[in-house]
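The values are calculated or read from the model by the stated rules, or taken from the named source; none is laboratory data. Quick caveat: nothing in here was measured; it's all calculated off a predicted structure. In this analysis, Cβ positions are derived from the backbone assuming ideal geometry, glycine residues included, and neighbour counts consider all displayed protein chains. For accessibility, only protein heavy atoms count, side chains too; no ligands or nucleic acids. Shrake-Rupley method; radii C 1.70, N 1.55, O 1.52, S 1.80 Å.
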Amino acid sequence: MTQAASLWSPSDTLSRAVPNTLLRLFALEASGDLGRAIAHALGRPLAAHEEREFEDGEHKTRPLDPVGGADVYVVHSLYGGQAQSGNDKLCRLLFFIGALKDAGAARVTAVVPYLCYARKDRRTKPNDPVTTQYVARMFEAVGADAIVTLEVHNPAAFENAFRCRAVTLTTTPLFVDFARTLPDERLCVVSPDPGGMKRAELLREVLESVVGRPVGKGLADKHRSTGVVSGDLFVGDVGDATVLIVDDLISTGHTLLRAAHAARRAGARRVLALVTHGLFMAGSGEALADPAIEQIVLTDTVPASRLGPGAARDKLHILRSAPLLAEAVSRLHDGRALTDLAVF
């Protein structure tokens, strides 16, 4: 476990300046805002590229700045949106990586804060696809040397799917930095399902070390089959505590809401949701407007564009992911360790 004294924080400056060497940072248009924020944190401009659309829906993307012999990073978050689906974004990213390798790039790293198809990482029914593995093979086929994600759904499955280097960063430093601003009160970290226990425990241990007092733990049971969610068990000493429910993503919001209601019934004083990716699918606005959840803290890896005005949107507190991603790019470029980013 990373010690509090060495834990990276988003309030830190970049640990080492990135010189104007053969590092090139690109961001495809759909992730342009995030790419520019990462470039700003690195203190260097985005490299230039062209994205061209053809009348029949086909497209091409090519680098305009030279990449021969360069260490190249491409930022593209693969969530589905109104303009481009996750499939569209994945295809564009793969083609661009291929073009970069053809143009002589020495190394290409895909910086994919939200990775599509990461939830389909195992078989749960006979003849099920393991789509994460198929996506990994496509990245490898076009010549990707590494892929970096932020709080992937199942880190072990993600790492095992890729033969190239696979780095899954955690949002623990961002959430710990936020939690340090909370009043001096009893805290308890809760996982909304058994699969997220390791993620929650990492946050709890680091937070406990940083705040210098015990932080409780809890677990809400959940089973999903053919879209039906069940499970009523809740374990944890949350009485009169501020409960932090930590999860990798929000889809419909019902998993978070179930955990929040369970924590409230067990005596929690406040419930805050700490979530990395906000997909906000149909019905999430109504679910998350429930007063059982006081605040929703999430990162900017996926814009909250699907969440309309109302009580749920009023609860949002957005954390910037660019400082963490920039720090990772800087260290990968220099070959330095990522340990104090709480990757493990």
Quiz prompt | Computed over the chain: relative contact order in percent, which uses C-alpha pairs under 8 Å that are six or more apart | solution = 15
Quiz prompt | Met138-Asp221 pseudo-label distance in nm [points 7 Å out on the Cα-to-Cβ vector] | solution = 3.8
Quiz item: Helix 32-42 versus the longest principal axis of the chain: what angle, 0 to 90°, nearest 10, using Cα atoms?
Solution: 90
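Please work out the FRET efficiency for the pair Thr131 and Arg165, using the Cβ-Cβ distance as r and a Förster radius of 25 Å; give the result to the nearest 0.05.
Here the calculated transfer efficiency is 0.75.
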Quiz item: By how many degrees, between 0 and 90 and to the nearest 10, does the Cα long axis of helix 322-334 differ from the longest principal axis of the chain?
Solution: 50
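How do the peptides 286-292, 250-256, 187-193 rank, highest first, by the average count of neighbouring beta carbon atoms within 10 Å per residue?
Numbers: 286-292: 17.1, 250-256: 21.7, 187-193: 25.3.
Descending mean neighbour count gives 187-193, 250-256, 286-292.
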Self-check item: Gaussian network model of the chain, springs between alpha carbon atoms under 10 Å - residue of Leu203, Leu233, Leu272 with greatest fluctuation
Solution: Leu233
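Looking at the stretch 36-184, what % of its DSSP beta bridges pair antiparallel, to the nearest 5? Each step should come with its number before you reach the end.
Working: 5 of 19 bridges.
If we restrict to bridges inside the stretch 36-184, about 25 percent are antiparallel.
Can you tell me the relative contact order of the stretch 227-344? Whole percent, Cα pairs under 8 Å, sequence separation 6 or more. Please report the intermediate quantities before stating the final value.
Numbers: 181 pairs, mean separation 24.6, N = 118.
After rounding, I find 21 percent.
If you count only protein heavy atoms with a 1.4 Å probe, what accessible area per residue comes out for the chain, rounded to a whole Å²? Before the final figure, lay out the partial values.
Working: 15060 Å² over 344 residues.
Value for the chain: 44 Å² per residue.
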Self-check item: Karplus-derived 3J(HN,Hα), 6.51/-1.76/1.60, for each residue of the stretch 189-198, Hz, glycine and proline x
Solution: 9, 10, 8, x, 7, x, x, x, 4, 5
Exercise. May I ask you to derive the FRET efficiency for His254 and Arg336 from their Cβ-Cβ distance with R0 = 56 Å, giving the value to the nearest 0.05?
Key: 0.85
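Using the beta-carbon distance between Arg269 and Val211 and R0 = 22 Å, what value does 1/(1 + (r/R0)^6) give for FRET efficiency, to the nearest 0.05?
Values: r = 17 Å, r/R0 = 0.77.
For Arg269 and Val211, the calculated efficiency is 0.85.
Local charge sum around Val211 (other residues, Cβ-Cβ under 13 Å, Lys/Arg +1, Asp/Glu -1)?
Working: positive: Arg180, Arg186, Arg204, Arg213; negative: Asp177, Asp184, Glu185, Glu205, Glu208.
Around Val211, the charge tally is -1.
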Self-check item: C-alpha long axis of helix 254-265 to longest principal axis of the chain, angle in °
Solution: 30
Practice problem: With just the Cα atoms of the stretch 198-344, tell me how far they stretch along each of the three principal axes, in Å, largest first. | Solution: 48, 37, 31
Self-check item: Cα principal axis extents for the chain, largest first, Å
Solution: 60, 46, 39
Self-check item: Largest-first principal axis extents, alpha carbons of the stretch 47-152, Å
Solution: 47, 33, 23
Quiz item: How far, in nm, would the chain grow between Cys91 and Arg320 when pulled straight, counting 0.36 nm per residue and subtracting the alpha carbon separation?
Solution: 79.8 nm
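Keeping the other protein chains in place, figure out the carbon and sulfur percent of the accessible area of the stretch 223-344, with a 1.4 Å probe.
On the way: 2700 of 4910 Å².
Carbon plus sulfur share of accessible area: 55 percent.
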